[in-house]
Amino acid sequence: MGDNRRDFLKKGALLGLAGIAKGLVGENKINQLESISANLEEKDKFTLLPLPYSYNALEPYIDAQTMEIHYSKHHQGYVNNLNKIVSTNIDYLSSDEIKCTHVDKFTSPAVRNNLGGHFNHTLFWTLLKPNPKGEANLPTGKIAEAIKKEFKSFDDFKKDFSEKAGKIFGSGWCWLVVQDGKLKIITTPNQDNPLMKVQQENEDLFAPQKKPILALDIWEHAYYLKHQNKRADYIANWWNIVNWEMVEKLFNSK
Ligand SMILES: [Fe+2]
């Protein structure tokens with residue numbers, strides 16, 4: 001791999017987290033998110049950041065029990081697994097970097113699955129916000145303009161995204177990404193994400209890199225307690241708590 005290609009991948013690996021760090025209000029939060037980027041760089045420990053809201057803050061759209069289990073059991077589990085991998089395979093891992101863009105280098109699926117699980121959930125939490133009064137929740141600014149340009153209208157985008165998320169077979173994620181300056185909706189299986197240089201549906205392995213700016217967790221653990229098998233209801237509820245300010249900040253980030 002040439003130096004330019006390697007540098008490009010390195011830069012891209014932290015793109016999402018760096019974008020999150022820029023977008024958060026409050027120095028403590030920024031420091032926390034910068035530290036997770038540093039942890040990914042140092043590959044010696046991974047940290048579960050505090051949620052930016054309480055477990056019940058997203059009700060009635062996502063219930064408190066689901067949030068508590070999702071965050072403290074599932075996400076914590078990915079973090080614990082990563083730290084275990086690092087502590088027990090240090091020689092194997094010391095020759096490379098544990099980053100989303102590098103998961104194809106690890107023969108063990110555990111790195112890909114747990115790093116994806118950690119990265120995806122870290123991003124997912126920041127892309128949610130409370131909406132206790134049930135106010136209309138629509139994008140504004142440049143992201144709103146870009147959505148209108150690419151998908152004709154917000155309603156068309158919402159319909160397209162919801163349909164793609166609804167059709168994911170089994171567990172996975174639905175994303176809005178920026179690729180070559182254009183918005184695109186993609187899905188990934190399991191804990192894969194758009195930064196990973198792995199085969200993705202209908203995608204050239206070496207297609208221009210995709211920057212994730214919106215993420216929806218389609219694992220049943222994200223909704224089964226409240227919505228049981230009704231994934232469409234979970235998706236419809238989720239639109240009410242999308243943190244469009246964060247999406248806008250990620251969209252505008254380099
Ligand atoms: Fe999840």
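FYI, it's all coordinate maths here, none of it is from the lab. Model, not experiment: these values are computed from the prediction. No Cβ is skipped: glycine too gets one built from the backbone with ideal geometry, and neighbour counts run over all protein chains shown.
Assorted remarks:
- Mean Cβ neighbour count within 10 Å, used as a protection proxy, ranking 243-249, 154-160 highest first: 243-249, 154-160
- A Förster radius of 25 Å combined with the Cβ-Cβ distance from ASP180 to LEU138 puts the calculated FRET efficiency at roughly 0.45.
- Checking the cross-link pairs LYS152/LYS182; LYS167/LYS211; LYS129/LYS211; LYS182/LYS249; LYS105/LYS158 against a 25 Å limit on the alpha carbon distance flags LYS105/LYS158 as lying beyond it.
- Based on alpha-carbon atoms, the Kirkwood radius and the radius of gyration of the range 141-252 give Rg/Rh equal to 0.95.
- Placed amide H near TYR61: partners under 5 Å, 5+ positions off or other chain: none
- Only the Cβ atoms of Lys and Arg (+1) and of Asp and Glu (-1) were treated as charged; on that basis the dipole of the range 141-252 about its Cα centre amounts to roughly 160 debye.
- Global geometry of the range 154-193, whether rounded, prolate or oblate, following the gyration tensor of its Cα atoms and the 1.5 cut on a/c: oblate
- Dividing the mean sequence gap of close Cα pairs (under 8 Å, 6+ apart) by how many residues the range 43-83 holds gives a relative contact order of 51 percent.
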